Amino acid sequence: MLRMLRYLGGKLVRRRLSHVADEYLSRCEQCYRTQRETLSRILALNATSEFSRKHGLKASLSPDDYRLQIPVSDFELVRPYIEQVQRGATSALLGANNPLLMFALSSGTTAESKYIPITKPFLDDYRRGWNIWGLRFFNDHEKANRLDIVQLTSDYEQFHTSGGTPCGNISGLVTSMQSRIVRSMYTIPPEVAKVRDTEAKSYISLRCAMANEHVGLITTANPSTLIRWAQLANEHKETLIRDIHDGTIHYAQSIPAEFRTTFTKGHFRPNKSRALWLENLVQQTGQLTPGDFWPHLQALAVWTGGAVKHYLPSMRKLYGNVPVRDHGLSASEGRMTIPLEDETSSGVLDIGTHYFEFIPEAEYGRSNPVVLGAHELELGQDYYILLTTTSGLYRYDIRDVVRCTGFYHQTPMLEFLHKGAHISNLTGEKLSESQVVNAVHHASRELHCEVGCFTVAPVWGAPPHYRLHTESFAEGVSASRLAKAIDCQLINSNCEYRDKRESHRLGPVEVITVPQGTWQAFRQDRLQRKGGSLEQYKHPCLVPDLDFSEKILALSGLSKVSVAAPHFLSVEHSARIHTDQGAEHL
């Protein structure tokens, strides 16, 4: 009955939101005008701040004048002002009508965690973007409107600054503001975000979600999270079924004490029929697979662009042949695109939220690069994207490389390729993460060989070369064949790599296997050192660090790799090594 009432009420809400979404998307018909209005709005909002006064920022500035006032920047431009905001002096960076709500912590992909101000106008824009995404999704997937949502979020209040501002994840803040009716759509209660231990949080989330057979949509940023969930379901299937049957919760002590009692009583009731159904499923199949225990699943919502697309085949195999809707290109610093269809990482640029500029990839790194407005992009070209936001970032180089895939009216559609920082350049080959991901993907298809989670890193030698590290790949395919196939793909896709290989300035790729559990240890170590949340974590498929291979082997408890002869690797402590003319991976 509750689900039906919610469905009927949702139809009315969707009808109202449709007008808002249509009006917003209609602005894409005038890209330049909309971007200029957005820039004026942002500059006016923070015009009274110390930063704006010092840099001569005011709403009347044209885009050309704005570029003269502020250089292309990184976080260091605003760091001193954000440090003042952290201590409570919000006027250092923000205007009086731009109240601070929290700080989002960057995931630390390219540096230590950064504190990104989240203000009321920023949050309003963020929520509007998600409303448009959700409206388009639910209009395309009618059955999902009658089912529940599984969403993984993190706490927005992990700690406080010296000025008393909460710090954490913006998705947790949005969740905390949901009405009771909206909250009833979601399977995992918001209190789970308060659990600090990552394994406990994953188990408790899965325990909540698995008890519900009426799951229609699963959404989280990274598809690797869903793969890990599937592994947990099998590793803990007996415990999960027992908890669902008895209304108990393993890891209960990991739930913060201040709401442990009410949380466990309110959300964990015995569900004997569901437990029996799951037990029968295990008896029939020998395992618990998400595609089986959520038979009504309509779609998955995850990132699909850049390096994470490597995970998609494994995710689909585990969750069934359901549509995938990309979240869009987004980060703690802001949302950049809104995908409007399934099965594409491309989305329309969110021109009403932030002011965007673009540096053509060939111009990047020059002292005075060409900088383009959103209306000046060309189909098929690659760009670095710059952000100006209501939260006080100005011409901010987020180091994301995007490709223009087309246009929605006059507004560009973009797909994420890779982080600009994830480029390795030992001898001038300028190998990018997207090239590595595509090479492994095509080699896997060619050999009918599914490669597990991996990282490629350079290794110094005579000559230097690249090494691929992975915990597993398909049985029946030698590492030497896999390495050769990857090497061939890199040669075909990167002319500089081909030149360096042909001139023997680069050696061939090597492939080694590291012990099971290495990536889990690596993930935990990376989160502890660099901050960010489990949901934000992005596994690097290319790390341009010559010491990386030794670091990952040390983390896994192995001795360092030694090259006993050309194209031959040995690792002590019984690590399985496979080479051909070689590639290593992380």
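Taking residue 479 as the residue in question, decide whether it is touching a Cys at 6+ places or on another chain (Cβ under 9 Å) and crowded, with 20+ Cβ neighbours inside 10 Å. In short, no.
Pairing residues of the range 303-319 that are more than 23 Å from residue 285 (Cβ to Cβ) with residues that are charged (D, E, K, R) and assigned to a helix (DSSP H, G or I), at Cβ distances under 6 Å and at least 6 apart in sequence or on separate chains, gives 307/433. Does the range 172-184 contain at least one residue that is part of a helix (DSSP H, G or I) and in contact (Cβ under 8 Å) with a residue 60 or more places away in the chain? Yes, the range 172-184 contains a residue that is part of a helix (DSSP H, G or I) and in contact (Cβ under 8 Å) with a residue 60 or more places away in the chain. Identify the residue in the range 228-249 that is of a type in the set (Asp, Glu) and surrounded by fewer than 19 Cβ atoms within 10 Å (Cβ to Cβ) and, among all such residues, is nearest to the chain's Cα centre (by Cα). In this case the residue turns out to be 235.
Would you point out which residue out of 287, 298 is touching a residue at least 24 places away in the same chain (Cβ under 8 Å), surrounded by 14 or more Cβ atoms within 10 Å (Cβ to Cβ) and of a type in the set (S, T, N, Q)?
Numbers: 287 fails: surrounded by 14 or more Cβ atoms within 10 Å (Cβ to Cβ).
After applying the criteria, what remains is 298.
Only a single item in (1) under 20 Å from residue 539 (Cα atoms); (2) surrounded by fewer than 21 Cβ atoms within 10 Å (Cβ to Cβ) is not met by residue 169, and it is number (2). Checking every residue in the range 294-305 against the condition of being part of a helix (DSSP H, G or I) and either modelled with pLDDT of 85 or more or small (Gly, Ala, Ser) (or both) gives zero matches. Out of the residues in the range 375-432 that are acidic (Asp, Glu) and farther than 29 Å from residue 80 by Cβ, which is surrounded by the fewest Cβ atoms within 10 Å (Cβ to Cβ)? This residue is 378.
Exactly one residue among 384, 394, 466, 408 is touching a strand residue (DSSP E or B) at 6+ places or on another chain (Cβ under 9 Å) and free of Cβ contacts under 8 Å to residues at least 40 places away in the same chain, and that residue is 384. Within the range 333-368, the set of residues being among the hydroxyl-bearing types (Ser, Thr, Tyr) and under 20 Å from residue 34 (Cα atoms) comprises 337, 353, 355. All conditions but one from (1) out of contact with any His (no Cβ under 7 Å at 6 or more places or on another chain); (2) touching a residue at least 12 places away in the same chain (Cβ under 8 Å); (3) under 27 Å from residue 232 (Cβ atoms) apply to residue 554; the one that does not is (2). Evaluated against (1) under 26 Å from residue 51 (Cα atoms); (2) not in a loop (DSSP other than H, G, I, E, B), residue 416 falls short on exactly one condition, (1).
Give me a count of the residues in the range 59-78 that are in a loop (DSSP other than H, G, I, E, B) and either touching a residue at least 60 places away in the same chain (Cβ under 8 Å) or surrounded by fewer than 16 Cβ atoms within 10 Å (Cβ to Cβ) (or both).
Of the residues in the range 59-78, the ones in a loop (DSSP other than H, G, I, E, B) are 59-62, 70-72, 74, 78.
Still in the list and also either touching a residue at least 60 places away in the same chain (Cβ under 8 Å) or surrounded by fewer than 16 Cβ atoms within 10 Å (Cβ to Cβ) (or both): 59-60, 62, 70-72, 74, 78.
Matching residues across the range 59-78 total 8.
Considering 467, 498, the condition of being of a type in the set (Lys, Arg) and in a strand (DSSP E or B) is satisfied by 467 alone. Within the range 148-166, if we keep just the residues that are out of contact with any helix residue (DSSP H, G or I) (no Cβ under 8 Å at 6 or more places or on another chain) and part of a loop (DSSP other than H, G, I, E, B), the residue that is surrounded by the most Cβ atoms within 10 Å (Cβ to Cβ) turns out to be 158.
The values are calculated or read from the model by the stated rules, or taken from the named source; none is laboratory data. Predicted model only: the values in this text are computed from it and were never measured. Every residue, glycine among them, receives a Cβ derived from its backbone with ideal geometry; neighbour counts consider all protein chains shown.
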